[in-house]
Amino acid sequence: MATPALEGKIALVTGGSRGIGSAIARRLGRDGATVAVAYARDETAASEVVTRIRGDGGQAFALRAELGRHGDAAALWAAFDAHAPGEGVDIIVNNAGIGRSSALDSLTEDDFDEVFAVNVRAPFFIVQQGLKRLRDGGRIINISSGAARLAMPEIIAYGATKGALDTFTLNLAKELGPRGITANSVAPGIIDTDVNAGWLRGNPEAQAQAASVAALGRVGQPEDVADIVAFLASDDARWVTGRVIDATGGSGL
């Protein structure tokens, strides 16, 4: 039997209790990594992800870490160190994010600050403070969005955060390349998750419209994104860095 691709690796996945984050955590666990499932509030959902990873023969533990506040990165890493004292980390997946914002004429300063705090500031300082733990040859994978390359004025601030995240990724790749650490972004399109459930699920018209946007003619699933992340986390992607990997199914072509 072949050795799992991530055997002996330790991965941190923020926003790992639901949707895309849950799928990523479970896939990395199946590939042999010990997964730290970081969550903000839903302890039950995070525990279920951990249980599923262990049920598949993997190893995992949950970390409570509410992002968007000053000191959030330090709190996250303190929780990580409490669960895995003396351990480093091999894979950091910055998946947690706020997936909403208002149009230009109605966006408040507080809303703007919140979406940037969670989507940009938190990943920045999670990486900054994780560098002393991140082993040479490690992986940083930031979950971006197709909204970073498509004009979507109705979610203007959200798109701006993902553009900032992609620039962060580019600079990380240059900065950390001498250590053999790769940094890449994965940019999903419309994905069938709880976040989109209110307008997407149970609505055939919305499903058809969302599917028509993608060249591949369907709505994306969390596993579509998780499988790309698993590739980038593996040694097979050792020569890929500083890239934004489109995971929209060809939306907007």
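If the condition is being in contact with a helix residue (DSSP H, G or I) (Cβ under 8 Å, 6 or more places away or on another chain), loosely packed, with under 15 Cβ neighbours inside 10 Å and not in a helix (DSSP H, G or I), then the range 65-79 contributes only R69.
One residue stands out among those in the range 104-129 that are of a type in the set (A, V, I, L, M) and over 24 Å from the mean Cα position of the chain (by Cα): the one that is modelled with the highest pLDDT, which is L107.
Results for (1) out of contact with any strand residue (DSSP E or B) (no Cβ under 6 Å at 6 or more places or on another chain); (2) modelled with pLDDT of 95 or more; (3) closer than 19 Å to D166 by Cβ, shown as yes or no for each residue.
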{"position": "D72", "(1), (2), (3)": "yes, yes, no"}
{"position": "H83", "(1), (2), (3)": "no, no, no"}
{"position": "V89", "(1), (2), (3)": "no, yes, no"}
{"position": "G99", "(1), (2), (3)": "yes, no, yes"}
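Among residues of the range 149-175 being of a type in the set (D, E, K, R), in contact (Cβ under 8 Å) with a residue 12 or more places away in the chain and assigned to a helix (DSSP H, G or I), the one that is surrounded by the fewest Cβ atoms within 10 Å (Cβ to Cβ) is K174. Residue pairs whose Cβ atoms lie under 6 Å apart, separated by 6 or more positions or on different chains, with the first residue in the range 14-25 and under 17 Å from I190 (Cβ atoms) and the second at pLDDT below 95 and outside any loop (DSSP other than H, G, I, E, B), are R18/D194; G19/D194.
Is one or more of the residues making up the range 184-194 surrounded by fewer than 18 Cβ atoms within 10 Å (Cβ to Cβ) and either more than 22 Å from L104 (Cβ to Cβ) or touching a residue at least 12 places away in the same chain (Cβ under 8 Å) (or both)? The answer is yes, given that some residue of the range 184-194 is surrounded by fewer than 18 Cβ atoms within 10 Å (Cβ to Cβ) and either more than 22 Å from L104 (Cβ to Cβ) or touching a residue at least 12 places away in the same chain (Cβ under 8 Å) (or both). Just wondering, is there one or more residues in the range 68-89 that are within 26 Å of A247 (Cα to Cα) and of a type in the set (K, R)? No, the range 68-89 contains no residue that is within 26 Å of A247 (Cα to Cα) and of a type in the set (K, R). Scanning the range 15-39 for residues that are among the β-branched types (V, I, T) and in contact with a Leu (Cβ under 8 Å, 6 or more places away or on another chain), we see that the one that is farthest from A122 (Cα to Cα) is V35. Among the residues of the range 37-59, at least one is in a helix (DSSP H, G or I), without any contact (Cβ under 8 Å) to a residue 24 or more places away in the chain, of a type in the set (A, V, I, L, M, F, W, C) and out of contact with any Ser or Thr (no Cβ under 8 Å at 6 or more places or on another chain).
Of all residues in the range 130-148, how many are within 18 Å of the chain's Cα centre (by Cα) and in a strand (DSSP E or B)? Residues in the range 130-148 being within 18 Å of the chain's Cα centre (by Cα) and in a strand (DSSP E or B): 7 in total. From the list A82, A25, the one residue that fits, being more than 21 Å from T182 (Cα to Cα) and outside any strand (DSSP E or B), is A82. Of everything listed in (1) modelled with pLDDT of 95 or more; (2) on the phi < 0 side of the Ramachandran plot, the single unmet condition for G137 is (2).
The values are calculated or read from the model by the stated rules, or taken from the named source; none is laboratory data. All values derive from a computational prediction rather than experimental measurement. Cβ atoms come from the backbone with ideal geometry, glycine included; neighbour counts cover every protein chain shown.
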